[in-house]
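Contents: one structure, followed by commentary.
The values are calculated or read from the model by the stated rules, or taken from the named source; none is laboratory data. Because the structure is a prediction, the values reported are computed rather than measured. Here Cβ is always computed from backbone atoms with ideal geometry, including for glycine, and neighbour counts include all displayed protein chains. Just so you know, the surface numbers come from the protein's heavy atoms only, side chains and all, with ligands and any DNA or RNA stripped out. Shrake-Rupley method; radii C 1.70, N 1.55, O 1.52, S 1.80 Å.
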Amino acid sequence: MRVARLDAPARQGSLRRHNLGLVLRELAVAGPLARAELARRTGLTKATISAYVEALQAAGIVEEAPGAAVAVPSRGRPASPVRLGSGAPVAVGVELGVDFVSACVTAPTGEVVGMLRTPRDQRSGDPRDRLAEAADDVAGLVASLALGAGRVVGLGVAFPGVVGPDGRIRSAPNLPGWNGLDVGRGLAAHLGRLGSGERLVVETGNEADLAALGELWFGEHPELADFALVSAEVGVGAGIVVGGRLFTGATGAAGELGHLTVDPDGPACGCGSKGCLERYAGLVALLEGSGTADIGGLRAAADRGEPRAVSVLARAGTALGVAAAALVNLLDVPVLVLGGIYAELAPHLAGPLAAELQIRAVRHLWDPVRLVTARLGAEAAVRGAAGLVHDRVLDDPATYLPEVLG
Ligand SMILES: [Zn+2]
């Protein structure tokens, strides 16, 4: 138990938490750094940095970076950099897709320690059974990595639907049986034995939102701060990032691009409306319209110039452009990142999409919207989900890594 000292008011405790987070975040983002550089970047004194590094080293979270010693010209003495060590916490990211489960384990730097993807049809049977099945997959992955005890600090879960701020599924047109479930805590309950008990961070989010965070943090896109990641699997969604922060709206439903109306008299949609973008540019519309079995087949057919494939992608690109122009006019984002299956289909979608943006997006007059292809492919959402867990831990490391405070 920690006892407050008269000369150590509570405020000092919260300051220490904040400062520890600053130090860890710098090491996570920048990699190995000398103590002096850590002091410069955080604005803390070198003595404070040394004390923090010592505490973090004792906990195994930070270690000396061998072979990376940098000579200090003024003294000629090597300044040994430090880096996040083999005892640093890891986070688990999970994506519950309509017909698959994928998971990754990552370090705070974003480095992937382990990854799996397995076909699982989430539409059949009781969602609770599907959740238990996914938990077994994740447990198998974590066990295969032979991590030390207590290394898993949290679990981030990406889901193809609207996720409320309380973590519950509010709407999932493609997985209607899952409405109302708290999939993050449901999975965590199965996985409790892996982590740190009550301290396990649990985050649940929409898959397009978490894919946007994945691309923002780990996609190595230059100067990406305001953008929308437009992606599709069975559904279509947009993850909106403004000023480097995710915008999810008041109830988590921002970015429901798939249900933006492209044609008020168009075909009926599973959401109850008509003419939604998903009916033109979702996976089902693309495969049924082209007569192909999967996205690889559709891409190959379009590459060969087969008329059905070419025309279905032209129609999808146009519909996507109409919807994306509305999004750009509302949010004034300068970049659209094409993710999910759109990344693979980008060579065929980009032309008609850009043509609609040119006509419809107001900012095109002075600064045309840049179209960028996502770099992380199918890994974006799980990497973003795990990254979100690390982000929360780095905001308040002492809560989740109490051994550091002593
Ligand atoms: Zn709809």
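Results, tabulated for the structure shown:
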quantity	calculated
Candidates A253, A238, filtered to the one that is closer than 30 Å to D166 by Cβ, within 16 Å of the ligand (Cβ to nearest atom) and not in a loop (DSSP other than H, G, I, E, B)	A238
Any chance T204 is among the hydroxyl-bearing types (S, T, Y) and over 25 Å from A326 (Cβ atoms)	yes
Strands (runs of 3 or more DSSP E) within segment 77-127 that include 2 or more residues open to solvent by 60 Å² or more (accessible area, probe 1.4 Å)	112-119
Residue identified as in contact (Cβ under 8 Å) with a residue 40 or more places away in the chain and under 29 Å from F247 (Cα atoms) among A302, A285, A281, A325	A281
Cβ pairs under 9 Å, 6+ apart, first in segment 253-272 and outside the structural domain of N206 (by TED's automatic domain parsing) and hydroxyl-bearing (S, T, Y), second open to solvent by less than 20 Å² (accessible area, probe 1.4 Å) and more than 12 Å from the ligand (Cβ to nearest atom)	none
Condition broken by D265, with the remaining ones in (1) within 16 Å of the ligand (Cβ to nearest atom); (2) open to solvent by less than 30 Å² (accessible area, probe 1.4 Å) satisfied	(2)
V234 being in the same structural domain as L338 (by TED's automatic domain parsing) and more than 18 Å from the chain's Cα centre (by Cα)	yes
Residues within segment 55-67 that are closer than 14 Å to G87 by Cα and of a type outside the set (A, V, I, L, M), tallied	4
Residue count for segment 165-174, restricted to those that are surrounded by 23 or more Cβ atoms within 10 Å (Cβ to Cβ) and at pLDDT 90 or above	1
Tally of residues being open to solvent by less than 10 Å² (accessible area, probe 1.4 Å) and small (G, A, S) across segment 291-330	10
S196 being more than 16 Å from the ligand (Cβ to nearest atom) and modelled with pLDDT of 95 or more	no
Of all residues making up segment 27-66, the number that are closer than 25 Å to L147 by Cβ and either outside any helix (DSSP H, G or I) or of a type in the set (K, R) (or both)	11
Options L224, L283, L213: the member that is under 27 Å from C104 (Cα atoms) and within 16 Å of the ligand (Cβ to nearest atom)	L283
In segment 331-345, residue surrounded by the most Cβ atoms within 10 Å (Cβ to Cβ) [restricted to those that are closer than 19 Å to V234 by Cβ and not aromatic (F, W, Y)]	G339
Subset of segment 222-241 [open to solvent by 30 Å² or more (accessible area, probe 1.4 Å) and at pLDDT below 95]	P222, E223, A225, E233
